[in-house]
């Protein structure tokens, strides 16, 4: 039986958390996330609602994995970075 090796990375407020997985051939992103949840814990991120991707490209949870893939879970940013920069510039101009 063929085995896939992949990494799962979660971006948390405390920093990026990783785990390495061995999955059966034909595994999907959803299956990898279920396995990673067992290793990383349920409190790390909202496993059901978080967007996910493979190597930085957003993908569906039904996407098939290849050996060596890195699955990433993305957390929502507290504020849009562009809006934050604009607010900082406005604040500096007022000074």
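The values are calculated or read from the model by the stated rules, or taken from the named source; none is laboratory data. Computed from a predicted structure; not experimentally measured. When we count neighbours, we look across all protein chains shown, and the Cβ atoms used for this are built from the backbone with ideal geometry, even at glycine.
Residue-by-condition table, conditions (1) out of contact with any strand residue (DSSP E or B) (no Cβ under 8 Å at 6 or more places or on another chain); (2) without any contact (Cβ under 8 Å) to a residue 40 or more places away in the chain:
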{"position": "10", "(1), (2)": "no, no"}
{"position": "15", "(1), (2)": "yes, yes"}
{"position": "18", "(1), (2)": "no, yes"}
{"position": "27", "(1), (2)": "no, yes"}
{"position": "48", "(1), (2)": "yes, yes"}
{"position": "51", "(1), (2)": "no, yes"}
{"position": "82", "(1), (2)": "yes, yes"}
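Only one of (1) in contact with a strand residue (DSSP E or B) (Cβ under 7 Å, 6 or more places away or on another chain); (2) at pLDDT below 90; (3) within 21 Å of residue 4 (Cα to Cα) is not met by residue 75, so which one is it?
(3)
From (1) under 13 Å from the mean Cα position of the chain (by Cα); (2) modelled with pLDDT of 90 or more, pick out the condition that doesn't hold for residue 28.
Only one criterion in (1) under 13 Å from the mean Cα position of the chain (by Cα); (2) modelled with pLDDT of 90 or more is unmet by residue 28, namely (1).
Check 70, 57, 17, 61 and return the single one that is modelled with pLDDT of 90 or more and in contact with a helix residue (DSSP H, G or I) (Cβ under 7 Å, 6 or more places away or on another chain).
61
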